[in-house]
Amino acid sequence: MRRGGRALAALLVLAGALAGLSAGPARGADDPIGDVLAGEGHAEIALGRGADNHLEAAGPTVRINGHAARLIVDTGAQISVLDRRSVKRMRLRAERTGVRVFGALGGPGERLHATLAPSLQVGPFEARPFLFGVASLATLNDSRERGQAPVDGIIGADVLRTQCWVIDCAAPRMFVRLDAPQNARGSNLGAVLRRNGWAEIPLGRVSYSEFEVRAQVNDADFTLLVDTGAAVTLIDRSSAVAAGIRPEKTDILVGGAGKGRRQPLLVGTARSFRAGGFRSGEEFRVSLSDITKFARRFSKEGKPILAGYLGNDFLRARSAVIDCANLKLYLRE
């Protein structure tokens with residue numbers, strides 16, 4: 001969910017096991033990420049990976065107003081959001097705001113509401129009170145496989161960035177800062193990752209979010225959102241065609257948040273990817289759709305518009321680590 005516009009990922013059903021939250025997997029001798037972050041005052045939280053490929057925090061230590069919750073960890077969301085149905089279940093009150101929420105795939109959108117929860121707990125992190133946006137996550141929940149628990153909401157950049165958390169997309173797990181967030185600025189994480197084969201990519205706001213990366217796909221320039229809330233990587237269709245990516249039709253319909261309309265999904269194959277210190281000539285698959293209207297809502301004069309997002313399929317395959325405090329993305333082949 002995005003403030004003024006949120007693209008929930010193409011709802012492809014991918015193979016994966018749904019795991020609950022635990023205190024985190026035991027670290028062995030070869031865990032440079034866990035070792036450096038534990039020494040710098042982070043607590044490790046294991047994440048589940050839903051059959052739809054979303055990263056999920058759930059379990060006994062994820063609670064809102066005392067109620068157990070299942071939350072998607074989403075760098076693409078400007079604010080944290082609760083589903084309307086979960087607001088009722090948790091006995092919270094929602095009030096209207098003047099903000100509208102739109103999906104990247106179009107549609108009229110919906111008016112965002114807000115609710116002040118007495119408390120939000122994610123592992124050792126606790127906020128009292130905490131302000132959530134409220135919108136419908138029905139498109140996401142209705143697409144989940146039978147037997148999968150519904151998602152209650154989204155942990156967005158308002159928490160991830162300000163609380164200086166770190167996301168390990170391959171594990172998957174998350175590291176929550178235990179002491180003052182400002183201490184994360186002096187982390188040795190980058191140096192440790194570079195020594196172990198990761199390449200560093202700076203993130204920053206170009207059009208919409210601080211979690212954007214300037215990249216080259218097939219040697220063409222793109223501005224892409226690093227979006228852990230997206231199941232798959234998606235590129236604007238016209239931009240992809242201009243970069244030499246040939247669209248292929250599928251029978252899959254996809255939709256966005258905010259009552260977005262559903263469209264047939266197109267896919268294609270990119271030959272190469274470059275960003276920061278990362279270079280890869282390995283082909284990778286992308287989804288294609290027209291996101292021009294969505295991107296133009298946030299475009300700034302003289303700046304490139306958002307051309308798509310890197311989803312969990314791409315991030316997981318390249319062992320992505322996202323340092324939300326220092327706005328760095330690390331990738332490794």
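Which residues, counting only those in the stretch 203-221, are part of a strand (DSSP E or B), of a type outside the set (D, E, K, R) and open to solvent by less than 10 Å² (accessible area, probe 1.4 Å)?
Result: VAL213, ALA215, VAL217.
I'd like to know if the stretch 224-238 contains one or more residues that are of a type outside the set (Asp, Glu) and open to solvent by 20 Å² or more (accessible area, probe 1.4 Å).
yes
For the stretch 87-96, how many residues meet the condition of being outside any helix (DSSP H, G or I) and in contact (Cβ under 8 Å) with a residue 24 or more places away in the chain? Before the answer, list the steps.
At the first step, the residues of the stretch 87-96 found to be outside any helix (DSSP H, G or I) are 90-96.
Among the residues that remain, those that are also in contact (Cβ under 8 Å) with a residue 24 or more places away in the chain are: 90-92, 94.
The qualifying residues number 4.
Show the residue pairs that are 6+ apart or on different chains and have beta-carbon atoms under 7 Å apart, the first residue being within the stretch 267-294 and closer than 17 Å to LEU331 by Cα, the second being open to solvent by 70 Å² or more (accessible area, probe 1.4 Å) and assigned to a strand (DSSP E or B).
Between residues of the stretch 267-294 that are closer than 17 Å to LEU331 by Cα and residues that are open to solvent by 70 Å² or more (accessible area, probe 1.4 Å) and assigned to a strand (DSSP E or B), the close pairs are ALA275/ARG214; GLY276/PRO202.
Could you please let me know if LYS300 is at pLDDT below 95 and not acidic (Asp, Glu)?
It is true that LYS300 is at pLDDT below 95 and not acidic (Asp, Glu).
Name the residues in the stretch 249-261 that are at pLDDT below 70 and in a strand (DSSP E or B), would you?
Narrowing the stretch 249-261 to residues at pLDDT below 70: 254-261.
Scanning the stretch 249-261 gives a single hit, VAL254.
Residues of the stretch 168-202 being touching a helix residue (DSSP H, G or I) at 6+ places or on another chain (Cβ under 9 Å) and either in a helix (DSSP H, G or I) or charged (D, E, K, R) (or both), which ones?
Result: ASP168, ARG173, ARG177, LEU189, ALA191, VAL192, LEU193, ARG195, GLU200.
Inside the stretch 120-140, can you point out the residues that are under 16 Å from ILE79 (Cα atoms), of a type in the set (Gly, Ala, Ser) and either assigned to a loop (DSSP other than H, G, I, E, B) or over 19 Å from the mean Cα position of the chain (by Cα) (or both)?
ALA127, SER136, listed by residue number.
If only one of ILE45, ILE64, ILE33 is within 23 Å of MET90 (Cα to Cα), at pLDDT 50 or above and open to solvent by less than 30 Å² (accessible area, probe 1.4 Å), which one is it?
Only one candidate passes the filter, namely ILE64.
Determine the pairs where a residue that is under 22 Å from ALA46 (Cα atoms) and at pLDDT 95 or above, located within the stretch 70-86, has a partner that is assigned to a helix (DSSP H, G or I) and open to solvent by less than 10 Å² (accessible area, probe 1.4 Å) with Cβ atoms under 6 Å apart, the partner being 6 or more residues away or on another chain.
Filtered contacts from the stretch 70-86: SER80/VAL159.
The values are calculated or read from the model by the stated rules, or taken from the named source; none is laboratory data. Every value quoted in this text rests on a predicted model; they were computed, and no experiment measured them. Every residue, glycine among them, receives a Cβ derived from its backbone with ideal geometry; neighbour counts consider all protein chains shown. These area figures cover heavy atoms from the full protein model, side chains too; ligands, DNA and RNA do not enter into them. Shrake-Rupley method; radii C 1.70, N 1.55, O 1.52, S 1.80 Å.
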